[in-house]
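K.L.:
For reference, the structure I am asking about is given below.
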Amino acid sequence: FMVRVFVYGTLKPDHVNYHRYCRDRVTQVQAAYTFGQLYALPVGYPAMTVERNDAPHTARNSRVWGHLLTFADADILTILDELEDFDPQRSPEANEYQRQQVPVFDPLQRSLGFAWAYIMLPHWIRAADGVYRPHGCWP
């Protein structure tokens, strides 16, 4: 049972939380992107939102760049949920991040299927004074 997680911030290779939570558990690392909007938060980590189909005047083609991590053990989701302050028993508004499936692509625009990603609802980003990063890369 493989678990795939798209990461775009401190869980990326060469960042602090990759070494703390992923390095000894990951079986594959691949450069990848998904579609959404990336924000840098003053607290020192990023947040991503994803498009709603009914969202007006937004750049649907904004790419968020990161890595697709593959794990052999589903326990990684429990570990990452705790890191990202996501509890599936709480209402979405009460979670700092939401864990949801997103489509993922390699740098040559080939589909890699779906993976889990941690996204943030817009009201959390506004409350944290997030700064939009149009190039889709953090830091």
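K.L.:
Scan 108, 121 and give me the residue that is aliphatic (A, V, I, L, M) and at pLDDT 95 or above. Can you show your working first?
P.N.:
Details: 121 fails: at pLDDT 95 or above.
Only one candidate passes the filter, namely 108.
K.L.:
Then there's this: Within region 10-50, which residues are within 21 Å of residue 108 (Cα to Cα) and either touching a helix residue (DSSP H, G or I) at 6+ places or on another chain (Cβ under 7 Å) or not β-branched (Val, Ile, Thr) (or both)?
P.N.:
12, 13, 28, 30, 31, 32, 33, 35, 36, 37, 38
K.L.:
Can I ask one more? From 51, 93, 82, which residue is under 23 Å from residue 13 (Cβ atoms), open to solvent by 30 Å² or more (accessible area, probe 1.4 Å), over 11 Å from the mean Cα position of the chain (by Cα) and acidic (Asp, Glu)? Can you show your working first?
P.N.:
Details: 51 fails: under 23 Å from residue 13 (Cβ atoms); 93 fails: under 23 Å from residue 13 (Cβ atoms).
Step by step, each of 51, 93, 82 is checked, and only 82 is under 23 Å from residue 13 (Cβ atoms), open to solvent by 30 Å² or more (accessible area, probe 1.4 Å), over 11 Å from the mean Cα position of the chain (by Cα) and acidic (Asp, Glu).
K.L.:
Given the criteria at pLDDT 95 or above, open to solvent by 30 Å² or more (accessible area, probe 1.4 Å) and assigned to a strand (DSSP E or B), does residue 39 qualify?
P.N.:
Details: at pLDDT 95 or above: yes; open to solvent by 30 Å² or more (accessible area, probe 1.4 Å): yes; assigned to a strand (DSSP E or B): yes.
It is true that residue 39 is at pLDDT 95 or above, open to solvent by 30 Å² or more (accessible area, probe 1.4 Å) and assigned to a strand (DSSP E or B).
K.L.:
Could you tell me whether any residue of region 11-31 is modelled with pLDDT of 95 or more, within 13 Å of residue 116 (Cα to Cα) and either small (Gly, Ala, Ser) or open to solvent by 40 Å² or more (accessible area, probe 1.4 Å) (or both)?
P.N.:
Taking every residue of region 11-31 in turn, none turns out to be modelled with pLDDT of 95 or more, within 13 Å of residue 116 (Cα to Cα) and either small (Gly, Ala, Ser) or open to solvent by 40 Å² or more (accessible area, probe 1.4 Å) (or both).
K.L.:
May I pose another question? Select from region 60-108 the residues that are assigned to a helix (DSSP H, G or I) and among the polar types (S, T, N, Q) and list them in ascending order. Give the derivation first.
P.N.:
Within region 60-108, the first condition is being assigned to a helix (DSSP H, G or I), and the residues that meet it are 75-83, 92-94.
Within region 60-108, 78 is the sole residue that qualifies.
K.L.:
Report, ordered by the first and then the second residue, all pairs with beta carbons closer than 9 Å, sequence separation of six or more or different chains, a first member in region 80-104 that is among the basic types (Lys, Arg), and a second member that is part of a strand (DSSP E or B).
P.N.:
99/5; 99/116; 99/117; 99/118; 99/119
K.L.:
Just give me the residues in region 110-135 being among the aliphatic types (A, V, I, L, M) and open to solvent by less than 30 Å² (accessible area, probe 1.4 Å), in sequence order. Write out each step before concluding.
P.N.:
Looking only at region 110-135, we keep the residues that are among the aliphatic types (A, V, I, L, M), and these are 112, 115, 117, 119-121, 125, 127-128, 131.
Residues satisfying the conditions are 115, 117, 119, 120, 125.
The values are calculated or read from the model by the stated rules, or taken from the named source; none is laboratory data. Note that the structure is a prediction, hence the values are computed from the model and not measured. With ideal geometry, Cβ positions are generated from the backbone for all residues, glycine too; neighbour counts draw on all protein chains shown. Keep in mind that these areas ignore ligands, DNA and RNA; they rest on the heavy atoms of the full protein, side chains included. Shrake-Rupley method; radii C 1.70, N 1.55, O 1.52, S 1.80 Å.
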